[in-house]
Amino acid sequence: MSENMLEIDGLTHSYGDHTVLEKMSLRVPRGELVSIVGPSGCGKSTLLRCIAGLVRPTGGRVVLDGTAIDGVPDELAVVFQDYSRSLLPWLTVRDNVALPLRRRGGSRAERRAAAEEALTSVGLDGAGRKYPWQLSGGMQQRVSIARALAYRPSLLLMDEPFGSVDAQTREDLEDLVLRVHRDEGMTILLVTHDIDESVYVGDRVVVLGRDPGGVRAELPVHLPAPRDQTTTRAHPDFVSLRTEVSTLVRGAAAPTKTVVHE
Amino acid sequence: MRHSRLALGAVGVAGAVAVAELVVRTGLVDAEAVPPASTVLRRAAEMSVDGAYLAQVGQTVRVWFGGLLLATAAAVLLGLVLSSAPWLNRAARLVVEVLRPIPALALIPLALVSFSSQSQGRTALVFYACTWPILINTLYALRDVDPVAKETLRSFGFGKVAVLLRVSLPSSAPFVATGVRIAASVGLVVVVSTELIAGGADGVGGFLSQSQTGGGQPDYMLAGAVWAGLLGLVVNAVLTALERRAFRWHLAGTEAAT
Ligand SMILES: Nc1ncnc2c1ncn2[C@@H]1O[C@H](COP(=O)(O)OP(=O)(O)O)[C@@H](O)[C@H]1O
Ligand SMILES: [Mg+2]
């Protein structure tokens, strides 16, 4: 069996005659937290949809745990970029979080308890009986994160999951993701447009480019563990890495050659 | 706000009744042909405690609700089947647009000869008339279900049927309910018309056609019309109230969006 949880080979996807991803390849070892950055419209969401089996790529393949995926893989959860449309407005917040757990079995009471626990972990204890539309955008986004965490997937795909939350909550959620990653050994792909965040949470930062969409650079992040919002962000390696990623992302808006940093 | 609307409505009704009363009392209209509003209302009130009349109302309501219920079940099922494939959906909408303009009232003679029992024939007509608004609303609602919500459940491993039951149906429910409410008013018109045309003594329409015979009893005719109107009003109000209660999430969503 391969060391890699995820192997993407020659992945190509077009919407009509608009080619978004072209022959992109990526390897993700089990248990790694990969940050994905890139200019908007370069195909980050499309990439996650292909991995989740929601979109059948027009070319290439996605191999998960040694098997080429065909349809939605088990043990996978997605935090969608459109968090508010991803919650069901006729269910309470708690029932939204508990719904996917039906596929895990367990009693109704157990599912609800797991949902409440996940809500507490994202700082939403007490909001379970409300409806999604009674919450602010940032709170809705946290509900969709809680739903994915409660499911305890082995592969977690997050598409700009902290876009609508305030700065303080954002730091808390980054630390929550780091903790879940460490404690449960989940493999996580996190798309973000925040370069500091990509370096702060990632074991590796993958920079995607546009026209054609593909990997422009991969930068391993070697920062002392555990990461800490104050000391890590002040670390000289952090500062130089974020500068490098920033330069790459700006360059990625224009077509360039792939650079691999080791 | 809802209270002030209710008060405004009451003032409007009272005003209309007062005008109708005055028009007759001042001799603008012949009191023989059109009795004053107070007489009509008195007749209507008398009829509300008349067991024989209430049995007729019951008959009308049974046919009306029976047809509506059947139409709801059939239209939702048909809507689900026709929405299962895009080509089927397009074809279905074409067929619906062709069949829908045929007025149910034009089919009354056909229904009366094709069904052995009169109430079966009437139920079939109500069913026919009620199916279209519900089917059309179901088709459009199912087409417009948020793809992100469906993808979310799919990503958690739910299959096609589960996504249909847990996302598509609930998110279409408010539109289906609106279709049912529209169908209810259409259905009432169809039952009463059928009863009128059949010329029997059945139902609210039968009462109307009887009060027309032998020179006519205009006070009873109008009181019967008041009753038919009240039936429609009450059922519409009940359905609207149910919609508000059951689909609070939908109202909240559309208010937030605008
Ligand atoms: N369902 C779709 N149909 C057609 N074009 C799409 C669709 N989804 C995305 N696109 C287009 O593909 C490109 C990449 O989109 P996306 O993957 O959402 O990029 P990102 O998430 O990096 O911003 C964009 O130009 C977008 O307009
Ligand atoms: Mg995106």
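Label positions at B:Asp144 and A:Thr243, each projected 7 Å from the Cα along the C-beta direction, are separated by 5.3 nm.
Starting from a Cα-only point model with no solvent, please compute log10 I(q)/I(0) by Debye for the range A:152-262 at q = 0.16, 0.19, 0.20 1/Å. The calculated log intensity ratios at q = 0.16, 0.19, 0.20 Å⁻¹ are -0.77, -1.07, -1.17. All Cα-Cα distances of the range A:100-164, cut into 10 Å bins from zero to the largest, leave 21, 52, 25, 1 percent in each bin in turn.
Tally up the carbon and sulfur contribution to the accessible surface of chain A as a whole percent, 1.4 Å probe, everything protein left in place.
Values: 5520 of 11310 Å².
Summing carbon and sulfur atoms, their accessible area is 49 percent of the total for chain A.
Overall dimensions of the protein assembly as shown, expressed as equivalent-ellipsoid semi-axes from the Cα gyration tensor (√(5λ), whole Å, largest first), are 64, 25, 19. Within the range B:29-96, the proportion of Cα pairs with more than 14 Å between them is 75 percent. Computed from label points 7 Å out along Cα-Cβ, the spacing between B:Val29 and B:Thr213 is 2.6 nm. Against the criterion of solvent-accessible heavy-atom surface with a 1.4 angstrom probe, B:Val40, B:Val81 sort, most first, into B:Val81, B:Val40.
Here is the list for the range B:44-137: chymotrypsin sites (Phe, Trp or Tyr not before Pro) lying in DSSP coil, each with at most 15 other C-beta atoms within 10 angstrom of its C-beta, are B:Phe115. If you take the Cα centroid of the range A:1-38 and the Cα centroid of the range A:88-110, the two points sit 31 Å apart. Total buried accessible area between B and A, probe 1.4 Å, nearest 100: 2000 Å². For the options B:Gly159, B:Gly224, B:Gly216, a Gaussian network treatment of chain B with springs between C-alpha atoms closer than 10 Å singles out B:Gly159 as fluctuating the most. Binned at 10 Å from 0, what are the whole-percent values of the Cα-Cα distance distribution for the range B:1-155, short to long? Reading upward from the zero bin: 9, 20, 20, 25, 17, 7, 2, 0.
In this structure the protein assembly as shown gives 48 Å² per residue of accessible area when probed at 1.4 Å with all protein chains present. Each Lys and Arg contributes +1 and each Asp and Glu -1, all at the Cβ; summed about the Cα centre of the protein assembly as shown, the dipole is approximately 860 debye.
What are the semi-axes of the equivalent ellipsoid for the range A:38-136, taken as the square roots of 5 times the Cα gyration tensor eigenvalues, largest first, in whole Å? Don't skip to the answer; put the middle values down first.
Working: eigenvalues 177, 67, 23 Å².
Ellipsoid half-lengths, sorted descending, are 30, 18, 11 Å.
Which value, to two decimals, describes the C-alpha radius of gyration of the range B:134-197 once divided by 2.2 N^0.38 Å?
On the way: Rg = 16.6 Å, N = 64, 2.2 N^0.38 = 10.7 Å.
Taking the Cα Rg and dividing by 2.2 N^0.38 Å, one obtains 1.56.
Computed from the Cα positions only, the extents of chain A along the three principal axes stand at 53, 43, 36 Å, in decreasing order. With a Förster radius of 30 Å applied to the C-beta separation of A:Arg152 and A:Ala68, the computed FRET efficiency comes to 0.75.
Taking 0.36 nm per residue of separation and subtracting the Cα-Cα distance, full extension of the segment from B:Leu112 to B:Ala45 would add 20.9 nm. For chain A, a Gaussian network of Cα nodes joined below 10 Å ranks A:Gly105, A:Gly213, A:Gly128 by mean-square fluctuation, and the top entry is A:Gly105.
Set the Förster distance to 45 Å, then compute FRET efficiency between A:Ala234 and B:Arg245 from the Cβ-Cβ distance, nearest 0.05. If you can, show how the numbers build up before the last one.
Values: r = 55 Å, r/R0 = 1.23.
E(calc), rounded to 0.05, equals 0.20.
The mean of 1/r over all pairs of different alpha-carbon atoms in the range B:51-257, once inverted, gives a Kirkwood hydrodynamic radius of 18.8 Å. In the range B:158-174, burial by the other protein chains removes 20 Å² or more of accessible area from B:Phe158, B:Arg166, B:Pro170, compared with the chain on its own (1.4 Å probe, ligands and nucleic acids ignored). Subtracting the Cα-Cα distance of B:Ile102 and B:Ala55 from 0.36 nm times their residue separation leaves 13.7 nm of extension gain. Would you kindly give the portion of the calculated P(r) for the range A:189-242 that falls above 12 Å, as a percent of all Cα pairs? The answer is 64 percent, as a whole percent. Report, in deg cm²/dmol and to the nearest 500, the calculated mean residue ellipticity at 222 nm for chain B, where each DSSP H run with n ≥ 4 adds -39500 (n - 2.57) and the sum is divided by the residue count. When only DSSP H runs of four or more count, the value is -27000 deg cm²/dmol.
With the simple model of a label 7 Å out from the Cα in the direction of the Cβ, B:Ser4 to B:Phe65 spans 3.7 nm.
The values are calculated or read from the model by the stated rules, or taken from the named source; none is laboratory data. Worth saying up front: this structure is predicted, and the values here are computed from it rather than measured. FYI the Cβ positions are ideal-geometry reconstructions off the backbone, even for glycines, and counts take in every protein chain you see. Side chains are part of the model used for accessible areas, which takes the heavy atoms of the whole protein and leaves out ligands, DNA and RNA. Shrake-Rupley method; radii C 1.70, N 1.55, O 1.52, S 1.80 Å.
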